[in-house]
């Protein structure tokens with residue numbers, strides 16, 4: 001006859017197979033692959049790539065006034081009658097001033113010879129392209145962190161399902177034992193009812209854990225731009241964190257959000273520094289060949305003209321002074337943002353190191369507590385079968401063992417999450 005312990009193990013194996021069966025058809029990816037796919041396919045990252053293209057388009061728009069500009073014009077004119085004048089010496093032959101029908105055309109070439117304001121605007125637009133590229137790195141960093149945390153959540157939910165299955169099977173074995181004892185008269189109905197209630201509670205928790213696992217898989221699939229849920233590996237290997245002093249330096253030098261903020265500060269400083277160009281003149285060369293048909297006294301059939309146009313701003317109502325003041329304020333704002341971000345980055349590194357240390361201590365304690373709880377459960381079950389204890393102590397021991405396993409799982413997940421936070425805070429993830 002099969003023992004209750006063997007039956008429990010068989011049921012445990014069958015349950016694990018049934019839970020894992022839907023995952024067989026799902027794609028299983030590693031953490032590195034999940035991060036790579038998320039940073040390449042996630043809509044947030046794709047939007048960041050388009051922001052680079054937009055900045056490059058703005059650069060071309062700003063650059064255009066600094067380059068030569070060529071236009072062609074054609075004009076057809078018809079008036080009510082030709083305009084003529086008569087010579088006093090020969091009144092019978094009028095002189096044509098403007099014909100009734102006239103065609104004219106010209107090609108105009110404008111070349112900026114001295115345009116420092118436009119040249120500097122071109123340079124500033126190039127800085128914005130660099131900022132857009134660095135912003136994409138920051139966006140990818142944020143996407144990678146969310147993906148890693150979701151990946152770890154899927155791992156934790158898998159383990160939680162396994163723990164709940166084990167607790168459910170232990171409760172089922174307890175119910176079978178209580179029922180058998182009641183049948184032979186060595187137990188009572190109350191013990192059987194309590195065991196059944198514990199089994200149903202575990203079944204409810206298992207259903208909830210399975211639903212949470214499905215949601216976590218789906219969330220990971222959305223992050224990596226998959227068409228369905230994604231499965232994860234059972235174990236991951238995270239990079240070793242650096243020393244605290246090195247991590248603080250890395251946070252100031254390597255973090256994408258710090259680097260993009262530093263670039264914004266430098267761009268704002270350049271814009272403010274180059275405000276002097278607003279007070280300089282603009283010199284443009286204009287060349288225009290033309291065609292007229294028919295020719296007139298004042299306009300030959302073909303010809304050309306050239307000009308040098310000097311524009312010197314004298315008074316603009318204080319616009320340039322206001323613009324310089326605005327640029328100065330933006331520069332000071334960017335510096336304040338950078339100072340705050342650097343303090344926040346250093347604080348995150350220090351807090352992450354402490355969180356990792358405390359999380360490791362919590363994992364060790366939680367694992368010892370789980371081991372002792374299972375040892376207490378085994379001792380309680382043995383005493384119950386020998387009649388040395390009652391059903392309440394068995395139910396309490398089962399709950400304590402399950403809660404200890406969940407606490408150990410939570411501590412392990414917290415420790416992994418803390419390492420991800422430490423690596424990201426120091427600029428080493430992804």
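The values are calculated or read from the model by the stated rules, or taken from the named source; none is laboratory data. What you see is a predicted model, and the numbers here were worked out from it, not measured in a lab. Here the Cβ positions follow ideal geometry from the backbone for every residue, glycine too, while neighbour counts run over all protein chains shown.
For the range 296-305, enumerate the residues that are under 18 Å from residue 108 (Cβ atoms) and either part of a loop (DSSP other than H, G, I, E, B) or at pLDDT 95 or above (or both).
299, 300
Based on this model, can you work out whether residue 98 counts as more than 60 Å from the chain's Cα centre (by Cα) and either at pLDDT 95 or above or surrounded by fewer than 15 Cβ atoms within 10 Å (Cβ to Cβ) (or both)?
no
Going by the structure shown, is residue 344 in a helix (DSSP H, G or I), under 32 Å from the mean Cα position of the chain (by Cα) and either closer than 15 Å to residue 174 by Cβ or touching a residue at least 60 places away in the same chain (Cβ under 8 Å) (or both)?
no
Kindly indicate which of 214, 224, 230 is closer than 29 Å to residue 27 by Cα, modelled with pLDDT of 90 or more and out of contact with any helix residue (DSSP H, G or I) (no Cβ under 6 Å at 6 or more places or on another chain).
One residue alone meets the criteria, 214.
Would you confirm whether any residue within the range 176-186 is over 30 Å from residue 342 (Cα atoms), touching a residue at least 12 places away in the same chain (Cβ under 8 Å) and buried (at least 17 other Cβ atoms within 10 Å of the Cβ)? Let's see the steps before the verdict.
Keep residues of the range 176-186 that are over 30 Å from residue 342 (Cα atoms), which gives 176-186.
Now drop any that are not touching a residue at least 12 places away in the same chain (Cβ under 8 Å), which leaves 176-179, 186.
Remaining after also requiring buried (at least 17 other Cβ atoms within 10 Å of the Cβ): 177-178.
Checking the range 176-186: at least one residue is over 30 Å from residue 342 (Cα atoms), touching a residue at least 12 places away in the same chain (Cβ under 8 Å) and buried (at least 17 other Cβ atoms within 10 Å of the Cβ).
Taking the range 233-243 on its own, how many of its residues are in contact with a helix residue (DSSP H, G or I) (Cβ under 8 Å, 6 or more places away or on another chain) and either surrounded by 15 or more Cβ atoms within 10 Å (Cβ to Cβ) or closer than 23 Å to residue 140 by Cα (or both)?
Qualifying residue count, the range 233-243: 6.
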